[in-house]
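Just so it is clear, none of the values below were taken in a lab; they were calculated from the coordinates. Everything quoted here is computed from the prediction, not taken from an experiment. As a convention, Cβ positions derive from the backbone with ideal geometry for all residues, glycine included, and neighbour counts pool all protein chains shown.
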Amino acid sequence: MGRTTGIEIGEVDLAGYARSLGVTGYVVRDPEDLEPALIEAIVFDSAALVNVVTDTDVISPSALLSVLASDKDRP
């Protein structure tokens, strides 16, 4: 218990998958693009998916995976 685990699955085009199902899809990679994407999704008047791509090293507001991994290696 108390261990952090994860897996790298590579790029997944969730917005493309949503569009293939007839749903509007947005991809957000930059923080300044989040608000406009959310506004468009809300105004769209139908189902929409907003995929927010984040840094895989950031696992919580106060923890980085790389720091946790390096701490594990210390005696």
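Pull up segment 19-40, narrow it to residues that are among the hydrophobic types (A, V, I, L, M, F, W, C) and over 22 Å from residue 9 (Cβ atoms), then point me to the one that is nearest to the chain's Cα centre (by Cα). Result: 34.
Looking only at residues of segment 23-34 that are in contact (Cβ under 8 Å) with a residue 12 or more places away in the chain and either small (Gly, Ala, Ser) or assigned to a loop (DSSP other than H, G, I, E, B) (or both), we find that the one that is surrounded by the fewest Cβ atoms within 10 Å (Cβ to Cβ) is 29.
Counting just the residues of segment 41-56 that are surrounded by 10 or more Cβ atoms within 10 Å (Cβ to Cβ) and closer than 15 Å to residue 19 by Cα, which one comes out farthest from the chain's Cα centre (by Cα)? Result: 44.
Total residues in segment 57-74 satisfying the condition of being assigned to a helix (DSSP H, G or I) and within 16 Å of the chain's Cα centre (by Cα): the figure is 1.
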